[in-house]
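Just so it is clear, none of the values below were taken in a lab; they were calculated from the coordinates. Being a predicted model, the structure only gives us computed values, none of them experimental.
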Amino acid sequence: MHLKSIHIYKERYPRPDVYPFNLSIFHKTRSLSFDKPVAIFVGENGTGKSTLLKAICRRCGIHMWEGEGGSRFEHNPYEDRFSDYISVEWVDGKIQGSYFGSDIFQTFVKALDEWAATDAGQLDYFGGKSLMTQSHGQSLMSFFRNRYRVKGLYLLDEPETALSPRRQLELVSILVAMAAQGHAQFIMASHSPILLACPGAALYSFDRDAISPIRYEDTDHFRLYREFMADRGRFLP
């Protein structure tokens, strides 16, 4: 374990009527403790999972690769400032890590190839082979297998959007193996019932008044998939 807990200071919010400060869950949650090497945020879209994950990333000083993105009609200057209103508590001092988001992975891959052009040794941290020359699925798994061997705090935002079910199972195996070695801690936001089933993971629901632990079998994701598999005709037109 590296990150012990986070604390949220609602009394410092600049405005209570704009996102993300208008989310009730960020008013009723004062702190969140991490006591297992894999923690997973689960909940509907718009409940604040990714927002909190990115805020933790920024507050921990972990670099977040930014994609080019598109312009938005109405800019919210507060959207990326939630990290200003949380604090983090380390177990034994600050450590490094990385942030994964499928939407910005290609930005990182291109940058890595540029570094390797002048220092080929950079690729040694990712399997010794350019990620650009591999298929998308292969490059992702190569990144996960090699990057997560290094001691650190690793944040993942809905990695299932870029992975097939079989690849998701591979990722679960990697998380379990690296966590068992005692040097890696993972915090992830996910909708995937496969990733949510990661053995030993602590699940935190964002669908309640405050962020709170939840059993795998009690998540809406598990229940919906189970009901769909049992009688998909109920859900299809």
Can you run the Rg to Rh ratio on region 156-208? Use alpha carbon positions and the Kirkwood inverse-distance Rh.
0.95
For region 141-237, report the convex hull volume of the alpha-carbon atoms normalised per residue, in Å³, without decimals.
120
Interchain or long-range residues, amide H under 5 Å from Leu203's placed H:
Ile40, Ile214
Placed amide H near Leu156: partners under 5 Å, 5+ positions off or other chain:
Phe100, Ile187, Met188, Ala189
